[in-house]
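Values quoted throughout were computed directly from the atomic coordinates according to the rules given, and no laboratory measurement underlies them. Predicted, not measured: the structure shown is a model, and the values here were computed from it. FYI the Cβ positions are ideal-geometry reconstructions off the backbone, even for glycines, and counts take in every protein chain you see.
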Protein chains: 2
Amino acid sequence: MTEQQTPAVDTALAYHRAWTAGDLDAALAQVADDVVCHAPPGTLTGTDALRGFMGPFAGSLTSSTLLAAFGDEDQVLIMYDTANPAVPSAPGAELYRVHDGRIAEIRIVFDRLPFALARGDVVQA
Amino acid sequence: MTEQQTPAVDTALAYHRAWTAGDLDAALAQVADDVVCHAPPGTLTGTDALRGFMGPFAGSLTSSTLLAAFGDEDQVLIMYDTANPAVPSAPGAELYRVHDGRIAEIRIVFDRLPFALARGDVVQA
């Protein structure tokens, strides 16, 4: 695993470690109140919306592995893999903009298809 | 856009620029013959399999924007957004392992759900 060290990377990894451990309070302590999160279902604004989006998934994790983390003074990019009972491998990537020591913007990429199939939201045609 | 400069980043970005321009030959010139690509549908081995997976998507792109690119001596992580007629915003992230100046391993993360819906492979339940 490649992991760079800048204060912004530290902030992003503190967020990542906390939510993948199921501790949303500690995760959101790293996040600006007016955070903007671009996620596959759409754009969320504010920590309450972020908690509502990440909380159920964070609570379902059975494992999490950080694959890479790179960044500079204000941007951080990570890739990780996760597992939960419904989806045994659900990798994701997140691009963070960090401002004044807090995460101001997050762009999340992951594959919704196995989750949508597992939940029965979609079915094979 | 944040973009670091290492030889491995240069290799990964040459691959990325080429395939997003639809030039699979130039892209695959950056890739080891026995490349292993971990993609949402499964693991592909070899440049022919990679061409078969990336080619149709590369040929369909109407735009592509690199959002961030970071790396060190042998790993590179990028995030980008793409558009094609079926999916107006299809962001992706790719983690590359570069060995001897060629891409030896790729891990791709993107959201298959809008593509599966657009193709009719799945339907809303």
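Structural remarks
- Exclusive hit being on the phi > 0 side of the Ramachandran plot and either touching a Leu at 6+ places or on another chain (Cβ under 7 Å) or within 14 Å of another protein chain (Cβ to nearest Cβ) (or both), set B:Gly46, B:Gly92, B:Gly42: B:Gly42
- Members of the stretch A:65-83 that are surrounded by 19 or more Cβ atoms within 10 Å (Cβ to Cβ), within 22 Å of B:Arg112 (Cβ to Cβ) and not aliphatic (A, V, I, L, M): A:Tyr80, A:Thr82
- Tally of residues being more than 13 Å from the chain's Cα centre (by Cα) and assigned to a helix (DSSP H, G or I) across the stretch A:19-46: 2
Residues are listed down the side, and each one gets a yes or a no for (1) touching a strand residue (DSSP E or B) at 6+ places or on another chain (Cβ under 9 Å); (2) part of a loop (DSSP other than H, G, I, E, B):
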position	(1), (2)
A:Asp48	no, no
A:Arg51	no, no
A:Gly55	no, no
A:Leu66	yes, no
A:Val76	yes, no
A:Pro88	no, yes
A:Arg97	yes, no
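- Those residues of the stretch A:109-125 which are among the hydrophobic types (A, V, I, L, M, F, W, C) and either more than 22 Å from A:Asp33 (Cα to Cα) or more than 9 Å from chain B (Cβ to nearest Cβ) (or both), in sequence order: A:Phe110, A:Leu113, A:Phe115, A:Ala116, A:Leu117, A:Ala118, A:Val122, A:Val123, A:Ala125
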